[in-house]
Structure formats: structure tokens, C-alpha cells
Protein chains: 2
Amino acid sequence: MIKKISHIAVVVPKLEEAMTFWVDALGLTLDHVEHVEAQGVDVAFLPSGESDIELLRPVDEESGVARYLQKRGPGMHHICFEVDDIEATLARLKAHNIPLINEEPTFGTGGKKIAFVHPKGTGGVLVELYELTPDEPARRLERMDAMRHRLTEGRRVYAQGVRAFFAGLRYGRNEEE
Amino acid sequence: MIKKISHIAVVVPKLEEAMTFWVDALGLTLDHVEHVEAQGVDVAFLPSGESDIELLRPVDEESGVARYLQKRGPGMHHICFEVDDIEATLARLKAHNIPLINEEPTFGTGGKKIAFVHPKGTGGVLVELYELTPDEPARRLERMDAMRHRLTEGRRVYAQGVRAFFAGLRYGRNEEE
């Protein structure tokens, strides 16, 4: 059974620029950002009622989302429905000869079960199915910690770079003295 | 303030064929079909949690939706957000220099206030805003009555055609006699 629309995914070239419309102008709230290694994307979650707008920013240039962006430009990418039983939903789709990208659910980094339905079976819409699993909240925290680490690490490397830059300036000056 | 995702609109060439995926295979329920004269479309409403999937079938070949279908093929067309105050939301978008298709809300057939935001200001997504008005439920009933009348009238004309066809057959037979 379909429970609700989990999210609408929108491909964007840059998260910061996208926030100008979705957050500053439209008034949605940025809940958090996650890096999803398996899809090669950073994902910004903007809740809207019981659903999310998910902004996908390709990090890996070989990823499917990066290729989509190059080919079609930014815009709506897929609809994801939350289902109560993903195996039952996939069985029903197969019984109606709907072509699937994932014949069996794959296990996302969050421990959740997901599967994609091929757009040629849906009338041109990439449809994702998603079943919440009991261990997802814990896994989501892990992912957020990893993202936080990445950002902190980024700042650390940046700070090192700044220090090296000024050291370089000082070094040059010392050379001239 | 954004209250929720009202609907995701999907353009389809034929409603009946689209039902094979969305209703029979995926398991959504068809709530009802409305004819929206102003947009030149028949719209099938498929509730999914607090939002709807809306299947748009162009009836008028000169309509924007018909041109979209010819140019881009079937697929996702727009996201509609329900807002509590459409004038305030439009003012906020203008303050951020987001280009609007409707600078002021237009009044849909249901008495509801709607406005479209231009995709060039949203990162490639056609966004609709929608504010529920008190007289909408009554107007919706009127529209459904009009649709029912159209279907009933269609059946009446079809029945006339069938009678004329058999009368024609009989006429031919009489000629030969």
C-alpha cells in the first residue's frame, strides 16, 4: 500500500544557489544535508508537510544524477512514494509487467529499502519506492555525523591552507630581506 | 507559509492508459476526474497521503499542457504547494526577484487562488502556489456535476449514433429489397 509521497527530488547544480529560491524566497526550511555515497550526491532535505523536497547536487561526475543534469538541465528528477511493504508493491508491479530498475529492493545507506521503477513503465516518470526500516533513525544519525565530520575536516584543511598561504607570504618577505 | 505539497502534476496522453500504471499496478485510488476549461485539460485526482498525484490529459490541442506534451513527452509537469496566504508568498518571491508567470493570483474555476512561478527563477521547476478559499468545496461540486453532465451527454450522443448506424443498416437492406 502507498502511504504517502516521501519526497520529490530536484536536481540542482549548486546547493547554495538553490537555497536562494527554495529557502530564502519560497520560505521552506532546510532541515539538514546528507552525503549519499551510493548515488554520488549531496542531498538537502526541505520538509513540506508530510513530504520533503530533496535537492540533489551531484558530487561524483560519473553518477547518474550528474549525467541527468548534463543531459536535461536542472529540474524535477523523481517522485518517491513511501510504501508499507516494498516486496508486495514490486510483486504487484511485476504482475502488471511494469519494467523495474531494481527487481529486488536495494538497501540504502540508511538501512531503508528502496527500488526504482523504470520511466518507460510509468509514462515518463522516474518513480522510487521506499520502505522505512526500524534501524533507519540510527543509520541517519551516523550519516549526519559523517557529513559533519566532512565539513569539519574541510574547514581544518582550509585553515591549514590559509596558514600555509601566510607562511608563504612571510617566507617571500624573509627572502627579500 | 507553505502548508504542504498539494499535488504533483504529471502529463499523460490518455487517462485510461495512465490508470494501468498509477491505479492497477502501483495501487493508488482514482478519486475523481474533473474537466478544467481554463487549462484545456481533464484532470484525474489520485490521493497519496495528504497530497495528490494529478494526471493531466490535454483536451484542447492549443493548451500549454498539449504543447508541453508535444515538445517534451509525458512526465512530471509541475509541483503545487498549498500556502496559507498567496499574496504574502508572491510578495516574498518578488522581493527576491523571482520571475512570476502570474504577478497576481488568478481565480481558478474552483474559486481557489492560484499563481505560477516561472521555472527560470526556480532552477527549472514549474511551481504552482495554491490558497484554499471558503467557497471551493461548493465550486468543486459544480465542476463535478458539469463533468457528470458531459459524460452523460456523451453517452446520449453515442446512443443516438448507434441508433442511426442500425437505422442506416436497415435502410441499406430495405434499398436492396
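FYI, it's all coordinate maths here, none of it is from the lab. Since this is a predicted model, take the numbers as computed values, not measurements. Here the Cβ positions follow ideal geometry from the backbone for every residue, glycine too, while neighbour counts run over all protein chains shown.
Over all residues in B:119-132, what is the mean tally of Cβ atoms on other chains that come within 10 Å of each residue's Cβ?
Partner-chain Cβ atoms within 10 Å, mean over residues of B:119-132: 4.
Using the 7 Å Cα-to-Cβ label point, sort the distances from A:K14 to its equivalents in the other copies shortest first and give them in nm to one decimal.
Those label-point separations list as 4.7 nm.
Kindly state, as a whole number, the per residue volume in cubic angstrom of the convex hull around the alpha carbon atoms of the range A:1-93.
Dividing the Cα hull volume of the range A:1-93 by its residues yields 112 Å³.
How large is ³J(HN,Hα) for each residue in the range B:42-52, as worked out from phi by the Karplus curve 6.51 cos²θ - 1.76 cosθ + 1.60 (θ = phi - 60°), to whole Hz, x for Gly and Pro?
9, 10, 9, 9, 10, x, 8, x, 8, 10, 10
Order B:90-100, B:53-63 from most to least packed using the mean count of other Cβ atoms within 10 Å.
B:53-63, B:90-100
For the pairs A:K3/B:K3; A:K4/B:K112; A:K71/B:K112; A:K71/A:K120; A:K120/B:K113; A:K113/B:K14, flag any whose C-alpha to C-alpha distance is greater than 26 Å.
A:K71/B:K112; A:K120/B:K113; A:K113/B:K14
Label-to-label distances across copies for B:Q70, with labels 7 Å out along Cα→Cβ, in nm, shortest first?
From this label point to the equivalent ones elsewhere in the assembly: 3.3 nm.
Enter the mean number of other protein chain beta carbons within 10 Å of the beta carbon of each residue in B:19-27, as an integer.
That works out to 6 on average.
Can you name the residue in chain A whose Cβ lies closest to the A-to-B rotation axis, and give that gap in whole Å?
A:M76, 2
So how strong a dipole does the range A:2-133 carry about its Cα centre when Lys and Arg Cβ are +1 and Asp and Glu Cβ are -1, to the nearest 20 debye?
580
Once the label point is placed 7 Å from Cα along Cβ, list for B:F116 the distances to the corresponding points in the other copies, in nm, shortest first.
Distances between equivalent label points, in nm: 2.8.
Once amide H atoms are placed 1.01 Å from N in the peptide plane, what residues at a sequence separation of 5 or more from B:H77, or on another chain, have their amide H within under 5 Å of its amide H?
The list, which skips near neighbours in sequence, is B:A9, B:V10, B:V11.
Taking just the alpha carbons, could you work out the radius of gyration and Dmax for the range B:1-54, both in angstroms?
My reading of the Cα-based Rg and Dmax gives 11.7, 37 Å.
Mind checking A:97-103 for the average number of partner chain beta-carbons within 10 Å of each residue's beta-carbon?
So the per-residue partner count for this stretch is 1.
Would you work out if the range A:50-139 is rounded, prolate or oblate? Take a ≥ b ≥ c from the square roots of the eigenvalues of the alpha-carbon gyration tensor; rounded if a/c is under 1.5, else prolate when a/b is larger than b/c, oblate otherwise.
The shape class here is oblate.
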